[in-house]
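Please treat every number below as a calculation from the coordinates, not as lab data. If you're wondering where the values come from, they're calculated on a predicted model, not measured in any experiment. We place every Cβ from the backbone using ideal geometry, glycine too, and count neighbours over all the protein chains shown.
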Amino acid sequence: GAGVSQTPSNKVTEKGKYVELRCDPISGHTALYWYRQSLGQGPEFLIYFQGTGAADDSGLPNDRFFAVRPEGSVSTLKIQRTERGDSAVYLCASSLAPGNGYTFGSGTRLTVV
Amino acid sequence: KQEVTQIPAALSVPEGENLVLNCSFTDSAIYNLQWFRQDPGKGLTSLLLIQSSQREQTSGRLNASLDKSSGRSTLYIAASQPGDSATYLCAVRGASGGSEKLVFGKGTKLTVNP
C-alpha cells in the first residue's frame with residue numbers, strides 16, 4: 001500500500017480483556033517497529049522486527065504484551081489481561097531497511113475502561 | 001540510558017515569525033537524529049533526518065542542525081504559517097549495540113496564530 005495502515009483506529013475494551021492491534025507496513029519494507037505513546041509524552045519503543053523475527057523486544061513492558069510477524073509483512077500486537085494503564089496510542093512504523101527513515105501509521109488509540 | 005529533552009514544551013507565535021525549537025540528548029553516541037511532526041490524532045510525519053556525520057539538513061522553510069559533541073539539535077522554521085501548528089518531536093537512534101530503536105523527546109507544541 002501507499003502508507004502504513006493500522007487497524008482499528010480506535011479500540012475500547014474492558015479491563016481484563018484480550019486485544020489485538022494490526023499493522024500493515026509499506027510493501028517491501030523489511031523493518032517494522034511498534035511504539036506506544038501516552039498522553040503528553042513522546043512515543044516509547046516496544047519492539048522491532050527484521051523480517052519475521054523480533055530483533056529487539058526490550059521495550060515490551062511485561063509478559064502480557066506479545067507481537068508477531070509470521071510472514072514478514074503484517075504484524076499483530078497482542079495484549080492479554082488489559083489494564084487501565086495500557087490505555088495509549090499504539091504506533092507502528094516501517095522502513096525499507098534498518099538505518100533508513102521511518103514511515104509511521106496513524107496509530108490505534110486503545111482505551112481500557 | 002539515552003534521554004531526550006525538548007524545550008520549550010509549548011510555543012505560540014504570530015504568523016510570519018522565524019522560530020527555533022531545541023532538542024538535547026544525554027548520550028552523544030548517536031547514529032542519527034530525526035525531527036517529526038505530529039498533528040492531533042495523527043501519526044508522525046518525518047521532516048528531516050540528520051546522520052551523525054552531518055551538521056545540518058534543509059527542506060524548504062525548515063533547517064535542522066546537529067552538534068553531536070554537545071548533544072544538541074535545533075529545528076529552525078522560517079516565516080511560520082498557521083499550517084505549521086502541530087507538535088514537533090525530536091528522536092535519536094543510538095549508535096551502540098546495533099540498536100534500531102528511536103528515543104523520543106516529549107515534543108514542542110507549536111501554535112502559529114494568523
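Some observations on this one:
- B:Val112 being more than 9 Å from chain A (Cβ to nearest Cβ), among the hydrophobic types (A, V, I, L, M, F, W, C), in contact (Cβ under 8 Å) with a residue 40 or more places away in the chain and loosely packed, with under 13 Cβ neighbours inside 10 Å: no
- Residue check, B:Leu75 hydrophobic (A, V, I, L, M, F, W, C), within 15 Å of B:Val20 (Cβ to Cβ) and touching a residue at least 24 places away in the same chain (Cβ under 8 Å): yes
- Scanning the stretch A:66-90 for residues that are within 21 Å of B:Glu100 (Cβ to Cβ), among the polar types (S, T, N, Q) and loosely packed, with under 15 Cβ neighbours inside 10 Å yields a single hit, A:Thr76.
- Residue within the stretch B:81-100 that is loosely packed, with under 14 Cβ neighbours inside 10 Å, within 11 Å of chain A (Cβ to nearest Cβ) and within 21 Å of A:Tyr48 (Cα to Cα) present: yes
- The numbered conditions (1) surrounded by fewer than 17 Cβ atoms within 10 Å (Cβ to Cβ); (2) facing chain A (nearest Cβ under 10 Å); (3) assigned to a strand (DSSP E or B); (4) not aromatic (Phe, Trp, Tyr) are all true for B:Thr5 except (2).
- None of A:Ala97, A:Ala93 is in contact (Cβ under 8 Å) with a residue 60 or more places away in the chain, surrounded by fewer than 14 Cβ atoms within 10 Å (Cβ to Cβ) and within 11 Å of chain B (Cβ to nearest Cβ) except A:Ala97.
- Boolean, B:Thr74 is assigned to a strand (DSSP E or B), farther than 15 Å from B:Leu48 by Cβ, of a type outside the set (Phe, Trp, Tyr) and touching a strand residue (DSSP E or B) at 6+ places or on another chain (Cβ under 7 Å): no
- Residues in the stretch A:67-90 that are in contact (Cβ under 8 Å) with a residue 60 or more places away in the chain and part of a helix (DSSP H, G or I): A:Arg84 alone.
- For the stretch B:77-105, filtering for residues that are over 10 Å from the mean Cα position of the chain (by Cα) and not in a strand (DSSP E or B) leaves 15.
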